[in-house]
Amino acid sequence: MSTEINVDADNVTIRNTQVVGEGQWGIIQREGRSGLRVENSEINGDGRSKVQYGILNQGGRLTVRRVHVHTVPNGIVTDHGLIEDSVVNDLKEFPGDHVTAIQSNSGPAPGLSLVIRNNVLLNPLPQTSAVSIYQDFGRAHDVTVSGNLLGGGGYALYGGEGEFGPSTGIRVLRNAFTRRHFGKGGRHGPVTRFEKGGTGNVWQGNVWQETG
């Protein structure tokens with residue numbers, strides 16, 4: 001058990017670990033570092049002290065596999081990497097927070113992509129999302145969201161539209177949206193800001209969990 005893992009080296013693996021965070025994050029990969037793998041682990045806050053991020057990636061390649069993140073405002077924040085077979089749920093709101101299970105703030109770095117597949121991503125709160133593909137710092141591109149269970153937030157999915165230009169290569173495939181927290185999937189609906197006309201953008205095979 002730990003309060004923070006600060007990764008300032010390449011190709012680090014964290015496995016079979018519980019991190020109860022204190023401060024800004026449970027695990028961080030620093031800028032200029034790459035190759036972090038987090039597997040078979042649990043990252044969470046204690047519900048009293050604010051822990052902003054379960055996993056925050058400021059660097060390059062990131063793999064998150066079979067990890068449970070909970071009791072934080074932002075589960076996993078990364079612009080590129082692979083997140084699979086994991087659970088992010090029971091998110092916690094502190095004053096002023098935007099609450100997301102998985103969040104990308106810009107397009108992936110050159111040569112990289114973001115793949116979010118086969119996860120359970122549930123936000124019980126009426127804001128912000130289960131998955132947010134934003135354009136806070138750059139144009140959204142090359143993100144695949146596939147085979148996940150998604151629900152909650154204001155919208156379950158923010159799909160990449162933004163001020164830096166048309167999103168491209170945003171693929172939303174075979175996900176199940178659930179009404180377990182809100183009747184519309186999210187408080188306002190299942191998805192917003194997905195650009196149907198963007199080059200390589202695909203919306204295919206997505207269903208309501210409860211009805212198929």
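The values are calculated or read from the model by the stated rules, or taken from the named source; none is laboratory data. Every value quoted in this text rests on a predicted model; they were computed, and no experiment measured them. Quick reminder, even Gly has a Cβ in these numbers, built from the backbone with ideal geometry, and neighbours come from all protein chains shown. For the accessible areas, the whole protein counts, side chains as well, though only heavy atoms, and no ligand, DNA or RNA atoms are used. Shrake-Rupley method; radii C 1.70, N 1.55, O 1.52, S 1.80 Å.
Please go through segment 37-55 and pick out each residue that is closer than 17 Å to VAL20 by Cα and open to solvent by 20 Å² or more (accessible area, probe 1.4 Å). Across segment 37-55, the qualifying residues are ASN40, GLU42, ASP46, GLY47, ARG48, SER49, LYS50, GLN52, TYR53.
Tell me the residue from ASN123, ASN118, ASN206, ASN201 that is within 22 Å of GLU84 (Cβ to Cβ), open to solvent by less than 50 Å² (accessible area, probe 1.4 Å) and within 15 Å of the chain's Cα centre (by Cα), please. One residue alone meets the criteria, ASN123. Condition first: at negative phi and among the charged types (D, E, K, R). Now tell me which residues in segment 140-182 satisfy that. Hits for segment 140-182 are GLU161, GLU163, ARG171, ARG179, ARG180.
Would you mind finding the one in PHE137, PHE94 that is surrounded by fewer than 24 Cβ atoms within 10 Å (Cβ to Cβ), of a type outside the set (Lys, Arg), modelled with pLDDT under 95 and over 20 Å from ALA176 (Cα atoms)?
The conditions single out PHE94.
Checking each residue in segment 16-36 for being open to solvent by 70 Å² or more (accessible area, probe 1.4 Å) and modelled with pLDDT under 95 picks out GLU22, GLN24.
Selection of first residues in segment 173-194 that are more than 24 Å from ARG139 (Cβ to Cβ) and of second residues that are β-branched (Val, Ile, Thr) and open to solvent by 40 Å² or more (accessible area, probe 1.4 Å), restricted to Cβ pairs under 6 Å at least 6 apart or on distinct chains, gives the following pairs, ordered by first then second residue: ALA176/VAL207. Since PHE164 meets every condition but one in (1) over 16 Å from the mean Cα position of the chain (by Cα); (2) surrounded by 17 or more Cβ atoms within 10 Å (Cβ to Cβ), which condition does it not meet? The single condition PHE164 does not satisfy is (2). Of THR3, THR13, all but one fail to be at pLDDT 95 or above, among the hydroxyl-bearing types (Ser, Thr, Tyr) and open to solvent by 10 Å² or more (accessible area, probe 1.4 Å); the exception is THR13. Taking the listed residues ASP136, ASP79, ASP97, ASP90, the one that is over 11 Å from the mean Cα position of the chain (by Cα) and within 24 Å of GLU39 (Cβ to Cβ) is ASP90, with no other qualifying.
Let's see how each residue does on (1) farther than 16 Å from LEU121 by Cβ; (2) hydrophobic (A, V, I, L, M, F, W, C); (3) in contact with a strand residue (DSSP E or B) (Cβ under 7 Å, 6 or more places away or on another chain):
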position	(1), (2), (3)
ASN44	no, no, yes
ARG48	yes, no, no
GLN58	yes, no, yes
VAL64	no, yes, yes
VAL72	no, yes, yes
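Taking residues in segment 4-15 that are farther than 15 Å from THR63 by Cβ, and partners anywhere that are loosely packed, with under 11 Cβ neighbours inside 10 Å, the pairs with Cβ atoms closer than 9 Å and at least 6 places apart or on different chains are ASP8/GLY32.
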